Ligand SMILES: [Zn+2]
């Protein structure tokens, strides 16, 4: 298997060209990322005072979905002990309560999107709570999922007619389109660009190879793409060890 | 009433009061983009331009922004039942 990084955006969204693999392997990785890579999220909320318009349980639900930066080392559940961190908040209206106002006991665990609105408070409305963040996996609750991963067959564009290539460049609504030697240079422009796909008229100009895939990992912010891939290795190793142990038992 | 209406998915008022933290379909965190979106679209930019700029490329996330109405200001003035 060969992996090549094609592009990386500011928010961490990375595109890879992975060759020499199959859909079943890639889907295994996808499911491990979504279901098994652990991250922190608010799990329990003790509401001391809430006179806002939102019910306590709705507030707790919103807090749970807030994305918390996670330290990968703390994340893996050791000896069935979950790592927990308390976040506290005490505010009085009128104001919008933002996630960044929560005070965390661990400086490494904080809301990554500080400007996430939790609730709006009017005058004389108060909000006070202690929230406990804990590690967990995406299979328990999707708030623990660190990223979205998706893949498609790598589209090799092969336009032999120079005039046609020129026409496609002209028709593409995304101005970043760069065609060089009749091949798409910037793979990002391929994605969701009906203008150039429509310009191809038929599929003859898109070639795919059986084992080449364009893989995108879009992290939500708890972990960076690098950390997710690192954790993916650890997770799959742990699962294989477990499997080996179980097989030995049968013997 | 320990099992809330929210948990049962039967709380219609909660849906449109304040922007959801994450997209209901794809799980992308979107709430932090709302204020920016509201301000910029009020200042004359088209919603398409703002959403493209905020990197909301899937239509599930875009739908959350297109369909949302901030009702919390209205609702907050009444006593919670
Ligand atoms: Zn979405």
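Any read-out appearing in this document is the output of simple, stated calculations on the displayed coordinates, not a laboratory observation. These figures come from a predicted structure and were not determined experimentally. Note that each Cβ is placed from the backbone with ideal geometry, even for glycine, and that neighbours are counted across all protein chains shown.
Of interest is the spacing of the C-alpha centroids, which for the range A:1-62 and the range A:229-251 amounts to 22 Å. Put in order of Cβ neighbour count within 10 Å, fewest first, the listed residues A:141, A:61 become A:141, A:61.
For the range A:39-143, averaging the sequence separation of C-alpha pairs within contact (under 8 Å, six or more residues apart) and dividing by the residue count gives a relative contact order of 43 percent.
Counting every other Cβ atom within 10 Å of each residue's Cβ, B:58, B:77 order from fewest to most as B:77, B:58.
The P(r) of the range A:39-143 has a tail past 23 Å containing 25 percent of all C-alpha pairs. Ordered by the number of other Cβ atoms lying within 10 Å of each residue's own Cβ, fewest first, A:110, A:76, A:129 fall into the sequence A:76, A:110, A:129. Between residue A:92 and residue A:141, the contour length at 0.36 nm per residue exceeds the Cα-Cα span by 14.5 nm. In the distance distribution for the range A:12-92, Cα-Cα pairs more than 21 Å apart total 52 percent.
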